[in-house]
Amino acid sequence: MAENHAQAVFLEGSLFRHITVMSLTSSVGLMAVFLVDLVDMLFISMLGNEELAAAVGYAGAILFFTTSFGIGMAIAGGALVARALGQGDEALARRRSSTVLTYGVMFGAIFAAVVWYYVPDLVALLGASDATQDLATGYLRIIVPTLPLLLVGMVGGAILRAHGDARRAMMATIAGGVVNAVLDPILIFGFGLELTGAALASAAARVAIAAVALIPIFRHHGGLARPALPDMALDLRPILGLAAPAILTQLATPIGQAYVTRSMSEFGEDAVAGMAIVARLTPVAFGVLFALSGAVGPIVGQNFGAGLQDRVRRTYTEALLFTAIVVVVMAALLFALRAPIANMFGAEGEARDLVFLFCGPLALAFFFNGMLFVSNASFNNLGHPFTSTWVNWGRHTIGTIIPVILFSAWLGAEGVLIGQAVGGVVFGLLSAVLVRRIMDRAPDAPPRDPFARQIRQITLFHHRR
């Protein structure tokens with residue numbers, strides 16, 4: 001039995017330690033990328049053109065949309081591989097890794113082509129003016145075609161984390177961050193390419209992420225099974241059973257953000273530029289919590305696959321404790337540095353007010369976003385992916401639109417951010433209640449989600465075979 005679970009490293013030992021190590025190592029890589037995005041924004045701000053800064057804000061909302069597709073595929077791949085490893089079936093884990101990567105590239109290419117074609121319409125829909133719309137469109141049409149490469153990197157990183165290899169998953173995103181950081185000043189300032197240079201640097205970074213994520217899978221984790229049509233057909237249902245709701249779940253966030261961007265555009269490009277600064281500060285400040293969802297997923301998945309229900313429950317509780325510690329520490333740091341941060345970006349007027357608001361009490365509300373991240377990871381790995389979908393869509397539609405309308409009418413541009421945070425509080429608490437109800441059911445009770453029963457039956461079939 002021990003030999004069968006040789007790679008299922010989360011079945012024993014301290015859960016808080018597993019959560020901390022996985023989250024911190026994963027976040028180092030994520031924050032490397034997010035930090036480069038922040039530096040991009042800093043470089044663009046240094047050019048002294050408000051339209052360029054606003055264009056980055058509009059483009060960021062659409063890139064968030066495309067990246068969310070990759071996150072959904074990565075969630076599916078990580079959950080299926082972690083379950084197979086938890087059950088001791090390494091051959092199934094290799095096959096699932098291969099088929100998820102193949103489908104990811106195929107679906108990603110189609111999705112990227114559709115987004116590329118409609119980029120001008122999407123940017124206009126967000127409220128961009130003519131000059132800003134042209135700048136954002138040119139920027140996006142360079143980056144969007146590289147989505148399949150980003151998918152390879154994201155799914156590859158999820159596969160590595162499912163094996164408990166967070167360090168090598170981290171190195172893939174660090175490699176992308178380094179490439180971007182080196183090329184940014186060269187292309188933006190050295191060659192005078194401005195926004196185009198930033199886009200080319202980001203495209204090159206995605207190539208690096210894909211390459212560095214794939215190499216350790218082959219060197220250290222048995223590689224990938226050669227994709228065969230019968231295996232592709234057999235795995236399509238369980239992959240879609242997790243990927244479809246996970247993608248729908250992730251797409252809710254950029255759609256909600258798009259509404260926020262549209263609402264902010266009514267207060268002028270200065271407000272949009274301030275929102276763009278906050279949007280890039282958020283993942284840098286809370287990168288550990290963005291990584292937490294991917295870190296908790298394999299821990300829940302392995303223990304659920306092995307039938308260790310008590311460890312599954314404790315994983316959720318200790319992940320929330322970890323979230324609280326991170327939020328309190330980072331909120332205090334942001335508050336202390338709020339003036340230097342605003343000065344660094346040359347933020348004035350409305351933009352400065354938005355930065356100060358984020359670095360003040362609003363940062364504490366991010367605990368409830370972290371709660372939602374942990375809950376979504378739990379839903380996906382407990383066989384209830386559609387619960388995650390409905391909660392996330394509720395948070396980014398009803399939980400965003402209504403409070404943003406109310407608070408922006410009352411408080412202006414600041415009310416947009418406050419309304420967005422209020423929705424997070426409500427749906428974060430709701431997600432926690434739903435997770436507890438699922439975990440409190442008898443372990444043998446059949447999942448209610450449409451595809452969950454089939455996924456479990458197929459997994460058990462392969463395990464017995």
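The values are calculated or read from the model by the stated rules, or taken from the named source; none is laboratory data. Just so it is clear, the structure is predicted and the values come from calculations on it, not from any experiment. A quick note on method: Cβ atoms are made from the backbone with ideal geometry, for glycine too, and the neighbour counts reach across all protein chains shown.
Table for the structure above
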{"item": "Subset of the stretch 101-132 (residues that are modelled with pLDDT under 85 and either buried (at least 21 other Cβ atoms within 10 Å of the Cβ) or among the aliphatic types (A, V, I, L, M) (or both))", "result": "Leu125, Leu126, Ala128, Ala131, Thr132"}
{"item": "Subset of the stretch 209-224 (residues that are more than 11 Å from Val100 (Cα to Cα), touching a residue at least 60 places away in the same chain (Cβ under 8 Å) and not β-branched (Val, Ile, Thr))", "result": "Ala210, Ala213, Leu214, His221, Gly222, Gly223"}
{"item": "Elements of type helices (runs of 4 or more DSSP H) contained in the stretch 333-446, each with 3 or more residues being modelled with pLDDT under 90, closer than 27 Å to Pro298 by Cα and polar (S, T, N, Q)", "result": "366-381, 385-396"}
{"item": "Number of the condition not met by Leu47 [criteria: (1) modelled with pLDDT of 80 or more; (2) out of contact with any helix residue (DSSP H, G or I) (no Cβ under 7 Å at 6 or more places or on another chain); (3) hydrophobic (A, V, I, L, M, F, W, C)]", "result": "(1)"}
{"item": "Filter pass, Ala210 being farther than 30 Å from Ala79 by Cα, of a type in the set (A, V, I, L, M, F, W, C) and surrounded by 19 or more Cβ atoms within 10 Å (Cβ to Cβ)", "result": "no"}
{"item": "Matching residues in the stretch 214-236 - criterion: being at pLDDT 75 or above and not hydrophobic (A, V, I, L, M, F, W, C)", "result": "Pro216, Arg219, His220, His221, Arg226, Pro227, Pro230, Asp231, Asp235"}
{"item": "Condition met for Met41 (assigned to a helix (DSSP H, G or I) and at pLDDT below 75)", "result": "yes"}
